[in-house]
Amino acid sequence: MREISEAWRSVRDAVPDHVTVVAVSKTKPVEAVEQAHTAGARVFGENRVQELVGKHEALTHPETGRPSEFPDLRWHQIGTLQRNKVKYIAPFVDLVHAVDQVSLLDEIEKRATSNDRKLRVLLQVHIAEEQSKFGFDTEDLPALCDRLDAGTWEHVEVAGLMGMATFTPDVVQVAREFAGLRRQFETLGDARGWSTLSMGMSGDWRIAVEEGSTMVRIGSAIFGSR
Ligand SMILES: *Cc1c(COP(=O)(O)O)cnc(C)c1O
């Protein structure tokens with residue numbers, strides 16, 4: 001798996017330093033995570049809870065619950081998250097990228113509270129023209145932010161926004177969608193101290209970074225096709 005180390009390094013070198021690279025290891029074995037970690041990757045993303053928990057446990061010291069050889073490895077839940085799965089990741093997950101419903105915020109609040117921690121999340125915003133993509137509608141964000149400011153979810157820390165552009169070769173459209181999300185991020189987030197704008201994947205991260213992304217989620221360009 002020498003290719004993984006090389007692929008990680010070329011991605012890390014190409015992405016500007018101020019942008020976090022989340023190495024998306026979904027469908028790949030634990031060894032692939034170890035390989036990327038050895039090459040320098042620290043933040044890993046998974047979209048299925050069962051797989052995320054399995055890999056976390058495989059890399060965690062059984063007694064302390066702390067990662068043994070991987071003390072600085074952090075896990076991000078990047079895809080659609082079902083409410084009934086939140087409890088499995090609440091003890092350890094570093095960031096949940098795709099909070100797309102108020103009921104999910106309620107569940108995260110509940111599980112964060114029972115784990116006596118704050119859980120960091122991003123609000124997923126629907127920016128694609130495609131119907132299939134998830135997320136809050138832009139128009140619903142101000143009211144949601146009012147509820148956040150009022151302290152409705154005390155154990156939830158919103159760190160910013162996440163969005164997925166339409167899957168299209170039309171780079172102008174992709175750039176337009178990312179730019180719209182960046183405007184939302186600034187309008188809503190400047191006063192709230194938001195730090196993280198998660199947009200861009202293997203195929204469109206360059207456009208996303210140009211449009212202001214601070215966090216890219218890269219799978220196939222590091223680990224190969226799935
Ligand atoms: C799989 C996935 C990615 C990474 O996709 P690549 O095209 O392989 O880089 C990014 N974000 C989400 C939400 C994903 O599910």
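The values are calculated or read from the model by the stated rules, or taken from the named source; none is laboratory data. Because the structure is a prediction, the values reported are computed rather than measured. Keep in mind that these areas ignore ligands, DNA and RNA; they rest on the heavy atoms of the full protein, side chains included. Shrake-Rupley method; radii C 1.70, N 1.55, O 1.52, S 1.80 Å.
Its Cα gyration tensor gives segment 153-226 an equivalent ellipsoid, and the semi-axes of that ellipsoid, as √(5λ) in whole Å with the largest first, are 24, 16, 9.
In the context of the full protein assembly, residue 92 retains an accessible surface of approximately 50 Å², using a probe radius of 1.4 Å and ignoring ligands and nucleic acids. Sequentially through segment 208-218, phi angles give Karplus couplings (6.51, -1.76, 1.60; θ = phi - 60°) of 4, 5, 4, 8, x, 4, 10, 8, 10, 10, 10 Hz, Gly and Pro residues having no value and appearing as x.
Taking amide H as placed 1.01 Å from N in the peptide plane, the amide H of residue 20 sits under 5 Å from that of 215, 216, each at least 5 places away or on another chain. Sorting 201, 215 by solvent-accessible area of protein heavy atoms yields 201, 215, largest first, with a 1.4 Å probe. With both residues required to sit in segment 2-223, DSSP beta bridges show an antiparallel share near 5%. Accessible surface for residue 18 stands near 130 Å², nearest 10, in the context of the full protein assembly shown (1.4 Å probe). Taking max minus min of the alpha-carbon positions on each principal axis, the chain gives extents of 46, 44, 29 Å, largest first. Calculated mean residue ellipticity, 222 nm, the chain: -11500 deg cm²/dmol, from DSSP H runs (n ≥ 4) at -39500 (n - 2.57) each, averaged per residue and rounded to 500. Close amide H contacts of residue 127 (hydrogens built in the peptide plane, cut-off under 5 Å, sequence separation of 5 or more or a different chain): 164. In this structure the amide hydrogen of residue 99, modeled in the peptide plane, comes within under 5 Å of the amide hydrogens of 122, 124, none closer than 5 places in sequence on its chain.
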